[in-house]
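Reviewing the structure listed below.
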Amino acid sequence: MEKDKAYKVLAQQEGISNSEAKSLIDRGLVYAGNKKVMIARGDIDVKTKFRVEKVEKIKPIFENDDLIVVDKPAFVNSDEIERQFKGAKLLHRLDRETSGVLMLVKNEEFREKAIREFKKDNVYKEYSAWVDGILVESVDIDKALITEKRNNKAYTKISKKGKPARTEVTPEIVSGKKTKVKCVIHHGRTHQIRAHLRSIDFPIIGDEQYGGRRYKRVMLHARKVTLLGMIFEAPEPTAFKHFES
């Protein structure tokens with residue numbers, strides 16, 4: 001059996017450059033059969049037939065002289081979205097596989113005003129997540145978090161030396177052995193919801209980094225943000241609705 005690097009085989013199959021092929025694998029968009037291809041530089045049979053998932057388009061939610069709000073698709077870095085809107089800067093970030101409300105600011109005066117609201121915990125941030133297990137009661141997770149680098153990736157864990165972080169978790173739908181939960185976050189630390197849900201043994205489906213089972217994406221979506229009296233909402237993606245049946 002002849003083998004070559006996965007990204008090279010993919011580039012050949014799709015008629016794209018090696019760097020584009022590597023990027024698709026790194027984003028988690030490439031499958032061989034039903035298995036996600038995890039390592040771009042891993043050796044694979046040159047006859048492998050790949051399936052490449054499509055990335056959804058960025059959907060605009062709101063725009064005025066101060067602010068641009070979009071519904072970010074999964075598998076896109078927040079920085080990539082910032083580059084698409086010249087002159088606008090990210091006000092906050094969402095992880096690559098997290099979808100939903102993402103805000104960019106157009107001027108420094110508004111940015112400073114918005115950051116003050118974040119610091120005072122005056123910004124309401126609501127997420128949907130599908131977790132493994134049956135959660136029947138609301139949980140208020142108030143555990144300090146610290147973020148460190150592991151294998152060149154950010155990793156967040158509970159630590160008394162960490163910064164304050166609070167996540168209010170409310171079950172909404174139970175389907176089989178999984179639960180859709182609403183998460184309202186305070187503070188907004190790196191990977192806060194992911195680390196907090198792991199700490200109570202309800203990892204997010206698709207979030208292998210924090211103990212979740214493998215799925216095509218991390219099942220976390222920023223569905224509602226309220227800032228300075230403005231409410232922004234992003235409907236849950238189709239992948240979330242499929243879980244309800």
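The values are calculated or read from the model by the stated rules, or taken from the named source; none is laboratory data. Because the structure is predicted, anything quoted here is derived from the model rather than measured. With ideal geometry, Cβ positions are generated from the backbone for all residues, glycine too; neighbour counts draw on all protein chains shown. Just the protein is used for accessible areas: all its heavy atoms, side chains included, with ligands, DNA and RNA removed. Shrake-Rupley method; radii C 1.70, N 1.55, O 1.52, S 1.80 Å.
Here is how the numbers come out for the structure above:
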item	result
In order through region 130-139: 3J(HN,Hα) via Karplus (6.51 cos²θ - 1.76 cosθ + 1.60), integer Hz, x for Gly, Pro	9, 10, 6, x, 9, 9, 10, 10, 5, 10
Segment ALA144-SER159, length gained on full extension (0.36 nm per residue, minus Cα span)	4.8 nm
Percent carbon-and-sulfur accessible area, region 93-143, ignoring ligands, DNA and RNA, probe 1.4 Å	44
Scaled radius of gyration (Cα, divided by 2.2 N^0.38 Å) that the chain gives	1.08
Helical contribution to [θ] at 222 nm, DSSP H n ≥ 4, -39,500 (n - 2.57), averaged over the chain, rounded to 500	-5500 deg cm²/dmol
Surface share of carbon and sulfur [accessible, 1.4 angstrom probe, percent] for region 24-74	52
Cα-based shape type of region 159-245, given that a ≥ b ≥ c are square roots of the gyration tensor eigenvalues and the cut on a/c is 1.5	oblate
Of LYS119/LYS163; LYS54/LYS149; LYS182/LYS216, pairs whose Cα-Cα distance is over 18 Å	LYS54/LYS149; LYS182/LYS216
The chain - percent relative contact order, Cα under 8 Å, separation 6 or more	16
Whole-Hz ³J(HN,Hα) from phi, Karplus 6.51 cos²θ - 1.76 cosθ + 1.60, for region 45-52, glycine and proline x	4, 5, 8, 4, 9, 9, 10, 10
Within the accessible area of region 156-245 (1.4 Å probe), percent carbon and sulfur	50
Whole-number accessible area per residue in Å² for the chain, which is evaluated in the context of all protein chains at 1.4 Å	55
Contour excess over end-to-end distance, with Cα ends at HIS186 and ASN151 and 0.36 nm allotted per residue	9.8 nm
Area of ASP4 that stays accessible when all protein chains are in place (1.4 Å probe, Å², to 10)	60
Hz values of 3J(HN,Hα) by residue in region 196-213 - Karplus curve (6.51, -1.76, 1.60), Gly and Pro given as x	5, 5, 4, 5, 9, 6, 10, x, 6, 4, x, 9, 5, 4, 10, x, x, 6
Under 5 Å, built H, 5+ apart or other chain: amide partners of THR98	PHE75
13 Å Cα-Cα reach of LYS106 towards aspartates and glutamates, excluding residues that sit fewer than 8 places from it in its own chain	GLU63, ASP65, ASP66, GLU82
Largest-first ordering by accessible area, 1.4 Å probe, given options VAL46, VAL184	VAL46, VAL184
Distance in nm between pseudo-label sites at ILE200 and ASP4 (7 Å out along the Cβ direction from Cα)	5.0
Accessible area of LYS143 in the full protein assembly, 1.4 Å probe (Å², nearest 10)	60
Magnitude of the charge dipole, region 196-245, Cβ model with Lys/Arg +1 and Asp/Glu -1, debye to 20	140
